[in-house]
């Protein structure tokens, strides 16, 4: 299997994400430059955090027009695995790969801290190693992490079991106080209809080694590795 990590002008978590795949998962991984439409025959695409194109206009608004995103959209439509983290989540919504949008945090301040997420579904290649209700400790670092979508989209996300993570208390209670940014329905991560594209605001790339304070994020990458291995068996 082979992973690809997108690199835009302004990406700042590309090396963090690359490191997880190369040094922890011990899998082949390559960087994919924004102005190329060649995905180099990867089996999974990782859209990392950062400030693509300086977040001009709004987060992800320019990145969606990069040649690489056209290739990613085709890749996803064919069933390829795509994980968008933080700015990557923002880019995926702007590109139409996921519904909704990420707005300014409710408090209008940048937030960087550890949060807790309740796993809402194990029915995805990103969470197959998790149990519904399992609580993860994963950090956030964003200014525009306030997820919003129409009532119709929210109804579909709920009915189709496509809400993957919700902000919660350490014991798994989904409460207003546990919501760091005002996200609708405490949403921290969602799937597309095909369940092969995940966007999430928290950073599993910054929580895949105990040295960083938590290794809970590794479970997401491990699920991806296992899913790809099963698919190729």
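Laboratory data are not the source of any read-out in this text; all were calculated from the coordinates shown. None of these values were measured; they are calculated from a predicted model. Quick reminder, even Gly has a Cβ in these numbers, built from the backbone with ideal geometry, and neighbours come from all protein chains shown.
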Cα centroid distance between the range 86-143 and the range 18-77, in Å? 17 Å
Inter-label distance for residue 57 and residue 212, nm, one decimal - labels placed 7 Å from Cα along Cα-to-Cβ: 3.0 nm
The residues 214, 208, sorted from fewest to most surrounding Cβ atoms within 10 Å, come out as 214, 208
From DSSP H assignment alone, runs of 4+ in the chain each adding -39500 (n - 2.57), the sum over residues rounded to the nearest 500 puts [θ] at 222 nm at -6000 deg cm²/dmol
Subtracting the Cα-Cα distance from 0.36 nm times the residue separation, let me have the gained length for residue 26 to residue 169 in nm, one decimal. 48.2 nm
With a 10 Å cut-off between alpha carbons and a GNM built on the chain, which of 154, 81, 108 moves the most? 108
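Rank by packing, highest mean first: peptides 185-198, 164-177, 52-65, with packing defined as the count of other Cβ atoms within 10 Å averaged across residues. Please list the in-between numbers first.
Working: 185-198: 22.1, 164-177: 15.9, 52-65: 18.9.
Answer by packing, highest mean first, reads 185-198, 52-65, 164-177.
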Take every DSSP beta bridge whose two residues both sit in the chain, then give the antiparallel share in percent to the nearest 5. 60 percent
If packing is taken as the average count of other Cβ atoms within 10 Å, what order do 132-138, 226-232, 121-127 fall into, highest mean first? 121-127, 132-138, 226-232
So how far apart, in nm, are the two label points at residue 134 and residue 230 if each is 7 Å from Cα heading toward Cβ? 1.3 nm
Nitroxide proxy distance, nm - points 7 Å out along Cα→Cβ at residue 78 and residue 35: 2.5 nm
Where in the range 142-182 does the amide nitrogen come within less than 15 Å of the point 7 Å from the Cα of residue 123, taken along Cα to Cβ? 156-165
Proxy reagent accessibility, fewest Cβ within 10 Å first, across 224, 143, 69: 143, 69, 224
So for 218, 33, fewest C-beta neighbours within 10 Å to most, what's the order? 33, 218
Candidates 24, 163, 91; GNM for the chain (alpha-carbon contacts under 10 Å) flags as most fluctuating 24
